[in-house]
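**Student:** Here it is: the structure, laid out below.
Values in this text are rule-based calculations from the coordinates and carry no lab data. Note that this is a predicted model, so its numbers are computed, not measured. Cβ: placed from backbone, ideal geometry, glycine included. Neighbour counts: every protein chain shown.
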Amino acid sequence: MKKKTALDGKQRAAIDRPDEKSGAESAARRAAKSETAAKFTIGSTETVKRGFLLELVKFAKEKGTVDAAMLIAEFNGRQFDGRKVTAERVHRYVAYCRNHGIFKLAK
């Protein structure tokens, strides 16, 4: 088995061959971009009781159709239950809502 050295990395850089890791990272970026472009509508909201999730659902119900960028613009920097809202937190909540049927993809 060949031992990998720093020279192998330099050789890869010299011939401009992409590393295997860069393919996975670009796939993750494409998935994130497609999620941000997706529009969502309200689905089932019986289990939503309080906090940031309730405010997210109220905003979506008021607007009708929302996307992640719109939600980030509305909630970024605010605070619910002592926790700040960031873009990453909005993306996590959108994924949760989509997986649990609270948001549906708009057509």
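**Student:** Out of curiosity, is Arg89 crowded, with 16+ Cβ neighbours inside 10 Å and not hydrophobic (A, V, I, L, M, F, W, C)?
**Tutor:** Considered against the rule, which asks whether it is crowded, with 16+ Cβ neighbours inside 10 Å and not hydrophobic (A, V, I, L, M, F, W, C), Arg89 comes out as yes.
**Student:** Mind checking which residues of the stretch 74-93 are part of a helix (DSSP H, G or I) and either in contact (Cβ under 8 Å) with a residue 60 or more places away in the chain or closer than 22 Å to Gly43 by Cβ (or both)?
**Tutor:** Glu74, Phe75, Arg89, Val90, His91, Arg92, Tyr93
**Student:** On to the next question. In the stretch 47-79, what count of residues is obtained for those that are loosely packed, with under 13 Cβ neighbours inside 10 Å and either closer than 23 Å to Lys107 by Cβ or among the small types (Gly, Ala, Ser) (or both)?
**Tutor:** Here the count works out to 8.
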